[in-house]
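Undergrad: Sending over a structure as structure tokens; questions will come in a sec.
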Amino acid sequence: MKAAVLEAFNQPLVVKEVADPTLTPDGIILKLEATGVCRSDWHGWAGHMTNAMQPLPHILGHEMSGIIEEVGSNIRNFKKGDRVIVPFSQGDGTCPHCQSGHHNVCDNMKMVGFNFEGGFAQYVHIPNADLNLLHLPDGVDFLTASAMGCRFMTAFHGVVSRGSVRPGEWVAVYGSGGVGLSAIQIASAAGANVIAVDIADDKLEFAKQFGAVATVNSKNVNAPQAIKELTKGGANISIDALGIQDTVISSLLSLNKRGRHVQIGISPNPNGGMTPVPVNLIMMNELSLLGSVSMPIPEYREMLQMVEKGKLNPGRLVTKQIALDDINSAFEDMTNYAGFGLTVVTKF
Ligand SMILES: [Zn+2]
Ligand SMILES: [Zn+2]
């Protein structure tokens, strides 16, 4: 099969013929129809994720959807020809967290395209597939599905399950990249008033198309102050989709009393992301500081139904479709922080 292979960090991926994936009894072989290019792929390419990645050469790509080509002998829920979406984080199904429905915090969590080979290829093997694959509803196309596999579902879990968003609430979203734009669309669909915060005017313009009722350019103004004025007291929920020290602290400072901060972005700080937070404010104003990672499998059903019925439209996040042969252009764009929205490989 054809695949884009990471042979050396920070060097162009090599698009070439490689051996087809091998089927295991609990796995399936998927023929890819769409694979998104995510910031995490870029981090993997740049060598930032060696602790969570198999050794090189490696095939990245984790925002995948496609058609099942072959199923292992133990597979019961899927058959050849089924249309499926692949959740980014895969549970083992046996630990206490998986058994209580929280696959996203599995003790033995595996990440598609990092712990095993991913979707920048014509075919991919998904292990433990009965547990970790989902049928795609008829009304959801592959492009939309791939826009959902990582950033959109992460935002859905953060806004809906962890943030417990309610109609009429004020939601501030720090960062208008893939996760941020997704959070804006989801919170708006849930009836919240959303304020988008970013340092790029073109991204903030794009955020308005996803339902943001106000935007704040934090390069020009003090964002927490601007949010307190817009909301007459502060946001009920503030989402940090970036994870840098400035946005963690600004997000907390943007909250009204009893507000909820949802941390989705990963901190680049050493020592596991050590970041100072305003403890006295958290105590005095009864703020909640909530972590959010990926999404458990059972929550996909709600999200997929909302997408099928048109209440959510992750496909609108896609601004570019490319061929596997042109994949390095997507990595170059990410290196230069060029463009906005999602790039998806749709031609293999
Ligand atoms: Zn991703
Ligand atoms: Zn588990």
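Undergrad: In vacuo Debye scattering of segment 15-121, one point per C-alpha: log10 I(q)/I(0) at q = 0.12 Å⁻¹?
TA: Values, matching the q order: -0.44.
Undergrad: Compare Gln245, Gln185, Gln90 in a GNM of the chain, Cα atoms joined below 10 Å, and give the one with the largest fluctuation.
TA: Gln245
Undergrad: Let me ask another. Determine the gain in length on full extension of the stretch Ile282-Glu205; use 0.36 nm per residue of separation and subtract their C-alpha separation, reporting nm with one decimal.
TA: Additional length available on full extension: 24.5 nm.
Undergrad: Where the Cα atoms of segment 164-291 are projected onto their three principal axes, how long is each span, largest first, in whole Å?
TA: Result for segment 164-291: principal-axis Cα extents of 37, 28, 27 Å.
Undergrad: May I ask you to compute the full-extension gain from Ala52 to Leu289, defined as 0.36 nm times their residue separation minus their alpha-carbon distance, rounded to one decimal in nm?
TA: Stretched fully, the Ala52-Leu289 segment lengthens by 82.7 nm.
Undergrad: What is the Cα centroid distance between segment 40-85 and segment 148-182, reported in whole angstrom?
TA: Taking the Cα centre of segment 148-182 as reference, the centre of segment 40-85 is 24 Å away.
Undergrad: Cut-off under 20 Å on the C-alpha distance; same-chain residues fewer than 8 positions from Lys16 excluded. Which lysines are left, in chain and number order?
TA: Lys2, Lys31, Lys347
Undergrad: Continuing with this model, one more query. Could you order peptides 281-292, 228-239, 323-334 by the average number of other Cβ atoms within 10 Å of their residues, highest first?
TA: By packing density, highest mean first, the sequence is 228-239, 323-334, 281-292.
Undergrad: State the answer as a single residue: which of Val194, Gln321, Pro270 lies farthest towards the positive end of the charge dipole of the chain, with beta carbon charges of +1 for Lys and Arg and -1 for Asp and Glu, about the Cα centre.
TA: Val194
Undergrad: Along its principal axes, what span do the Cα atoms of the chain show, with the longest given first and each in whole Å?
TA: Here the Cα extents, ordered largest to smallest, are 58, 41, 40 Å.
Undergrad: Test of understanding: what is the full-extension gain from Arg166 to Arg39, defined as 0.36 nm times their sequence separation minus their Cα-Cα distance?
TA: Gain on stretching Arg166 to Arg39: 42.8 nm.
Undergrad: Taking a spot 7 Å from the Cα of Gln321 along the direction of its beta carbon, which residues of segment 141-174 have an amide N less than 17 Å from it?
TA: Answer for this model: 141-149.
Undergrad: Same structure again: Based on the Cβ-Cβ distance from Glu229 to Asn271, what FRET efficiency comes out when R0 is 51 Å, to the nearest 0.05?
TA: It comes to 0.90.
Undergrad: Of Ser161, Ala145, Pro25, whose Cα points farthest to the positive end of the dipole of the chain (charges on the beta-carbon: +1 Lys, Arg; -1 Asp, Glu; origin at the Cα centre)?
TA: Ser161
Undergrad: A further question on this structure: What is the list of residues in segment 24-41 whose amide nitrogen lies under 18 Å from a point 7 angstrom out from the Cα of Asn77, following Cα to Cβ?
TA: Residues 24-31 qualify, since their backbone N sits under 18 Å from the label point.
Undergrad: A follow-up question, please. Provide the FRET efficiency to the nearest 0.05 for the Lys347-Lys110 pair, computing r from the beta carbons and using R0 = 25 Å.
TA: 0.35
Undergrad: May I ask you to evaluate 6.51 cos²θ - 1.76 cosθ + 1.60, the Karplus curve with θ = phi - 60°, for each residue of segment 340-348 and list the ³J(HN,Hα) values in order in whole Hz, giving x for glycine and proline?
TA: 8, x, 10, 9, 10, 7, 10, 10, 10
Undergrad: Next up: When the Karplus curve 6.51 cos²θ - 1.76 cosθ + 1.60 is applied with θ = phi - 60°, which whole-Hz ³J(HN,Hα) does each residue of segment 179-188 get, with x for Gly and Pro?
TA: Using θ = phi - 60°, the values come out as 5, x, 4, 4, 4, 4, 5, 5, 5, 5 Hz.
Every read-out reported here was derived from the displayed coordinates using simple, explicitly stated rules and does not represent laboratory data. Computed from a predicted structure; not experimentally measured. FYI the Cβ positions are ideal-geometry reconstructions off the backbone, even for glycines, and counts take in every protein chain you see.
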